[in-house]
Amino acid sequence: MSDVLTPGEARLQAMAAPEGEIAAATHTLVVGPYLARQAARGEASRSTEARLDEAAGLAAAIELDVVETIAVSIQRIRPSTYLGKGRVEELAGLIKAQGLGLVVMDCALSPVQQRNLEKAWGAKVIDRTGLILEIFGRRASTREGTLQVEHAHLAYQRSRLVRSWTHLERQRGGFGFLGGPGETQIEADRRMIQERMTKIERELDGVTRTRGLHRTSRARVPYPIVALVGYTNAGKSTLFNTLTRAQVLAQDMLFATLDPTARATKLPHGETVILSDTVGFISELPTSLIAAFRATLEDVIEADILLHVRDVSHEDSAAQAEDVGGVLRELGIEASADRIIEVWNKADLLDEAERTRLLNLSGTGRSDRDSAAPVLVSALTGEGLPALIGRIEARIARQRSTFAVVLPPEDGAALHWLYENAEVLDRREEEGGTIHLAIRIAPEKEPRFLNRFGGAKRLHRAG
């Protein structure tokens with residue numbers, strides 16, 4: 001794969017201004033145009049305030065200077081401008097009075113709606129899809145993630161080249177919605193976009209083949225995979241860091257993690273698992289971006305256990321859980337699947353009464369480690385993590401047999417093999433040095449175990 005740019009691509013990249021400088025200088029208005037009838041029909045269980053706060057958080061994720069946020073209740077969507085004429089004029093006055101250069105609309109706009117609003121307001125306009133694409137362009141760091149995001153962004157921009165003053169200015173990252181040389185470049189831009197998309201598709205074919213080889217290689221080391229999923233900013237990366245003692249980026253920021261991160265870690269009984277941190281889901285995620293993180297989502301699909309991490313301190317926690325469930329269903333995973341453990345995170349942010357209520361509803365304090373109830377934790381303070389780890393071990397144990405093994409004191413090699421290849425659940429030594437062990441072993445290692453320890457007694461059969 002070559003990173004050599006064509007003259008046209010080089011020209012586009014050279015024209016792009018530094019992202020941070022543009023963002024800091026871009027005074028932004030965030031508008032939440034929400035249909036009033038949705039709440040009446042029960043289609044939107046999250047509050048207007050929370051939706052608007054999330055939209056402002058998305059803008060802040062790429063360091064835009066958000067001057068004001070406004071929620072607008074609308075009865076129906078206007079084909080030409082999305083908002084009604086009166087609202088458009090009202091916002092035009094505000095934009096002019098405050099000298100705003102960018103308006104973020106927390107909805108999906110058609111190219112025509114976007115163009116008409118820009119003309120009416122004299123400011124640049126992006127919708128929720130465009131904003132998320134910009135965030136993903138900034139955050140993606142793996143080769144595949146970068147290429148997939150760029151491909152999705154190019155497809156999005158291609159439909160919006162009708163604007164008289166918008167031009168594709170991004171090559172790898174950057175603000176595709178800020179500035180441009182004008183109408184005379186439209187046809188040339190379309191050709192360059194298509195050429196670049198074709199080139200990306202060829203490169204992605206190569207990356208996909210390479211990733212397939214890596215996955216096959218990992219399959220030769222058959223550790224259970226535990227994938228963390230959840231709404232963006234639910235605390236997955238903090239939990240991942242705590243469980244693995246890693247230092248993955250963990251910030252109070254939407255989409256802080258976009259590329260898959262995997263670490264091997266040992267559980268208390270000796271079992272090695274691979275923990276995988278994944279991109280946070282979000283409501284109204286552009287479908288084109290699901291493909292952009294295929295590597296992450298494959299980890300989710302193939303995982304032995306899914307930890308669905310929820311921020312139970314958030315007022316819209318239930319609605320966020322529904323959104324995550326919707327994405328999982330798109331991947332062929334039912335939210336009630338046996339391999340899902342629901343993790344109620346951020347217990348440290350709850351008041352005492354709510355914390356007690358959720359603790360009683362959860363399985364955190366129960367003796368049954370194989371319970372289906374959620375586990376209340378604080379990834380930040382470590383509260384509830386022993387119960388969560390116990391739950392993970394119990395789920396893994398369902399598919400594993402346990403055996404009783406007796407070893408003579410001099411067979412150190414056999415003892416070492418068991419500690420390396422199985423979970424040692426119990427160990428007792430007689431006065432003469434004979435060692436009695438209770439071990440649990442993975443199905444793929446069981447034949448080798450039985451071949452070496454023919455006298456072992458089965459205590460529990462997998463399944």
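No lab work stands behind these numbers, since they all come straight from the coordinates. None of the values given here were measured: they were computed from a predicted structure. Note that we place each Cβ from the backbone using ideal geometry, even for glycine, and neighbour counts take in every protein chain shown.
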* To do: Determine the gain in length on full extension of the stretch residue 419-residue 398; use 0.36 nm per residue of separation and subtract their C-alpha separation, reporting nm with one decimal.
  => 5.6 nm
* **Gained length - residue 436 relative to residue 372, 0.36 nm times residue gap less alpha-carbon distance** => 19.8 nm
* Structure fact -> Expressed in angstrom and ordered largest first, the alpha-carbon extents of region 401-460 along the principal axes are 34, 21, 18
* Give the order of 417, 121, 344 when sorted by the count of other beta carbons within 10 angstrom, beginning with the fewest. => 417, 121, 344
* Extension gain (nm, one decimal) between residue 194 and residue 284, 0.36 nm per residue minus Cα-Cα -> 29.8 nm
* To do: Could you work out the relative contact order of region 103-160, using alpha carbon pairs under 8 angstrom and six or more residues apart, expressed as a whole percent?
  => 33 percent
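Given R₀ = 51 Å, FRET efficiency for residue 47-residue 445 by Cβ-Cβ distance, to 0.05?
Approximately 0.50, to the nearest 0.05.
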